[in-house]
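Report on one structure; see the data block that follows.
Values quoted throughout were computed directly from the atomic coordinates according to the rules given, and no laboratory measurement underlies them. Worth saying up front: this structure is predicted, and the values here are computed from it rather than measured. All Cβ positions, even for glycine, are placed from backbone atoms using ideal geometry, and neighbour counts span all protein chains on display.
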Amino acid sequence: GWAMVGGTSGLTTADVTGPHVADGATDILLVGSDSRVDARGNPLPREVLDALDAGDADGQDNTDTLMLVRIPDDPDLGASAVSIPRDSWVDVPGLGKHKINSALARGAAIARPDLIRRGLSGPDLEREANAAGSRLLVRTVEELTGVSIDHYAQVNLAGFAEITRALGGVPVCLRAPVRDSYSGADFAAGPQTVQGARALQFVRQRHGLPEGDLDRVRRQQAFLAGLTHRLLSAGTLTDPTAVADLMQAVNGAVVLDQGWDLTSMLAHAAQLRGDRVTFRTIPTGRADYRTGSEGVAVKVDPGQVTAFFAGLTSPGAPAGPGDGDDADTAAPATPAPTESGTGRAAAPRGDPTPAADTQPELTADGVPCVD
């Protein structure tokens, strides 16, 4: 209790979601941002960016990672984390068709001139612009999925690295060694533990992977599977010192929606059965869809996505195998829970033919091995 009271006092919050909808579960949008400012709007120091191989700010405010997490009110039921590929070609409310990862940046850019006219500048301007962009991103995801988002959490590059350090690293596994000059990734094959800059490299690499951004989604899901294992199986959330370290890392690095009782949320998460946490990906069509204005994107059918979430969230829907596992559609194969309780990475694809690697091998700890 002391760790939580002391840890949550400095959290950065923003008004980005609507009222909570009582539907038997809590729906959380998790966002990994390319932003080069911290949660309070202050620029990240150059030495921090250099240490993270973050490069220049060309992709500032784009969202490299989007996951919609559903946590049932009953902790005995299964929680699901559903990835939305960052290049998904979707309707952005009021702006037409764009890649979904640009919604936050577009919303922030639209709001910025009015905020400047109101006299905002510096960190205050960055915070308010980010909040406006986050609201547009939330609306975009809600329209795509048909899900009412209850809570929102956004983490920047440096914050992600600090959180992995606070956890003592995250277990991951690669099928083969990789080296990528763009992300800085340089990993051996097999099981390993990553934290800090190396964790960021693991989830950001897309160059040199067979399916580019779709393989990066697999990487991110595998990483979250390892993180879930570390949180739930290792008892991290019941260790006051570990929770205090985690909350210290979150402060200044994460933006949460206003009114989120994070203390109760962590207490509830600690009761979840690890063997019922599964990872999925929205149904996708071709991964080389030519947009004409924004290069190549991932084609998605909003009707299929809405139906996918309706099946996932309907009362009595199974949390394990079966959801979305239909070879006659573009929906990805669904991960079966593993003995260690982390679930496995779902297998997004650019055509309706199941990929050969939809059942990745697992480490002794149940962490999925990916490309």
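What distance in nm lies between label points placed 7 Å from Cα along the C-beta direction at Lys97 and Asp76?
Placing both labels 7 Å along Cα→Cβ, they lie 4.7 nm apart.
For Ala109 paired with Glu143, estimate the spin-label separation in nm (one decimal), with each label point 7 Å from Cα along the Cα-to-Cβ line.
Distance between the two pseudo-spin positions: 1.7 nm.
With labels modelled as points extended 7 Å from the Cα through the Cβ direction, what inter-label distance (nm, one decimal) is found for Arg46 paired with Ile116?
My value for the distance between the label points is 2.4 nm.
Where in segment 60-95 is the amide nitrogen less than 18 Å from a point lying 7 Å along the Cα-to-Cβ axis of Asp288?
87-89
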